[in-house]
Amino acid sequence: MQDLKIAVVIGGGNGIGAACCTVMHAHGWSVVVADKDEAAAAAVADRAGGRAFGVDVTDGDAVARLAMEVERQVGAPTALVVSSGIFQANMPVEQTPPDLFDRIMAVNVRGTYLANRAFGERMAALGRGAIVNLSSVTAHGSTPLNIYGPGKSAIITMSKSFAGEWGGRGVRVNTVSPGITLVPRVVERKRSGDRYPADLDAQMALGRCVEPAEVAEAVEFLCSPRASAITGTDLVVDCGWMTGALWAAYGGLRQR
Ligand SMILES: NC(=O)c1ccc[n+]([C@@H]2O[C@H](COP(=O)([O-])OP(=O)(O)OC[C@H]3O[C@@H](n4cnc5c(N)ncnc54)[C@H](O)[C@@H]3O)[C@@H](O)[C@H]2O)c1
């Protein structure tokens with residue numbers, strides 16, 4: 001019988017994507033780990049008992065081949081998580097090299113589009129499926145991340161568009177917007193103090209940053225039948241960062 005819990009996680013080799021693989025495996029999903037970093041994908045697949053595939057999400061032919069190969073070798077996916085992404089430094093817009101715009105949009109926006117198109121089309125043909133694309137709190141307001149943030153806004157709008165497109169054929173499409181999440185890259189920067197202020201945790205209503213597994217639990221929920229009525233929405237998982245933002249003008253969040 002067809003396994004009805006097959007999840008493909010693109011960008012599953014590291015960080016939030018890797019946490020999604022671990023958490024989804026724990027919730028009973030068969031996990032396919034896809035990443036440009038094939039060694040990282042293989043290591044996560046070993047831990048999550050799944051299969052690993054190398055893919056560059058900016059390559060439309062490679063993404064289409066991935067969708068075909070997964071269906072042939074593992075089965076038709078019932079969930080797709082797109083967690084592949086690249087980042088930018090905090091820099092004034094007039095110092096931002098234009099080709100950085102192209103690189104970030106190619107991976108974060110075009111890559112999400114290509115992956116949704118390849119997997120969503122097939123899910124719609126089969127009449128079921130759930131897609132979660134990783135956006136960010138930077139999509140929701142003004143930050144110095146002047147390319148990354150607008151790209152993350154595009155991912156939310158694109159996901160709402162696909163939710164309307166495929167909803168009638170049983171496919172749900174949502175986004176999750178994490179706040180600052182303690183993946184190894186962020187932990188290192190937080191420790192070295194080269195990017196984040198010393199009072200970073202105090203800016204969050206919950207007094208701390210997000211754990212990767214907490215984002216992954218939200219992703220798994222949206223992929224699961226427990227979220228059967230939810231499509232075209234964005235779920236913010238930020239330890240109350242956005243909630244706390246306007247308190248700065250009033251002296252900051254109350255501390256314990
Ligand atoms: N960590 C955070 O604080 C945070 C906050 C908000 C949103 N996000 C979003 O969550 C997602 C995951 O972020 P993360 O912190 O886990 O990053 P990460 O760097 O730890 O992992 C990203 C993964 O994407 C893969 N990847 C990059 N380019 C690729 C490509 N062209 N094709 C295939 N795979 C590619 C990388 O190899 C890596 O395994 C991203 O979309 C990011 O924008 C992260």
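Read the figures in this text as sums done on the coordinates, not as results from a lab. This is a predicted model, so every value here is computed, not measured. Neighbour counts are summed over all protein chains in view; Cβ atoms, including those assigned to glycine, are modelled from backbone coordinates with ideal geometry.
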Worksheet item: Given +1 on the Cβ of Lys and Arg, -1 on the Cβ of Asp and Glu, and no further charges, what dipole in debye does the chain carry about its Cα centre, rounded to the nearest 20?
Response: 500
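Taking R0 as 51 Å, what FRET efficiency do you get between Arg254 and Arg72 from their Cβ-Cβ distance, rounded to the nearest 0.05?
0.35
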Item to complete: For segment 156-222, state the semi-axes of the equivalent ellipsoid (square roots of 5 times the eigenvalues of the alpha-carbon gyration tensor), sorted largest first and rounded to whole angstrom.
Response: 33, 12, 11
Response to the item:
Fewest-first ordering of Cys21, Cys209 by Cβ atoms within 10 Å yields Cys209, Cys21
Worksheet entry | Of the DSSP H helices in the chain, those whose Cα atoms cover at least 18 Å axially and whose Kyte score averages 0.0 or more | 111-126
Worksheet item: Taking R0 as 25 Å, what's the FRET efficiency between Leu246 and Asn90 from their Cβ-Cβ distance, rounded to 0.05?
Response: 0.75
Worksheet item: Which is farthest toward the positive dipole end of the chain among Met91, Val44, Gly207, measuring Cα position about the Cα centre, with Cβ charges +1 (Lys, Arg) and -1 (Asp, Glu)?
Response: Gly207
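If packing is taken as the average number of other Cβ atoms within 10 Å across a peptide's residues, how do 151-157, 37-43 rank, most packed first?
Those peptides, ordered most packed to least, come out 151-157, 37-43.
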Worksheet item: Okay, helix-only estimate at 222 nm for the chain: each DSSP H run of n ≥ 4 adds -39500 (n - 2.57), divide by all residues, round to 500 deg cm²/dmol; what do you get?
Response: -12500 deg cm²/dmol
Worksheet, complete the sentence: If every Lys and Arg gets +1 and every Asp and Glu gets -1 at its Cβ, then about the Cα centre segment 84-200 yields a dipole, in debye to the nearest 20, of 460
Discussion item. Going Cα to Cα from Lys190, which aspartates and glutamates come in below 14 Å? Please leave out same-chain ones fewer than 8 positions away.
Written reply: Asp199, Asp201, Glu211
Worksheet item: Could you state the number of Å between the C-alpha centres of segment 47-73 and segment 79-147?
Response: 18
Practice prompt. Any chance you could list the semi-axes, whole Å, largest first, of the equivalent ellipsoid that the Cα gyration tensor gives for the chain, using √(5λ)?
Written response: 30, 19, 18
Worksheet entry | Net charge dipole size for segment 180-253 [Lys, Arg +1 and Asp, Glu -1 on Cβ; Debye, nearest 20] | 160
Item to complete: Excluding residues fewer than 8 places away in the same chain, name every one of the aspartates and glutamates whose C-alpha is closer than 16 Å to that of Lys152.
Response: Asp102, Asp234, Asp238
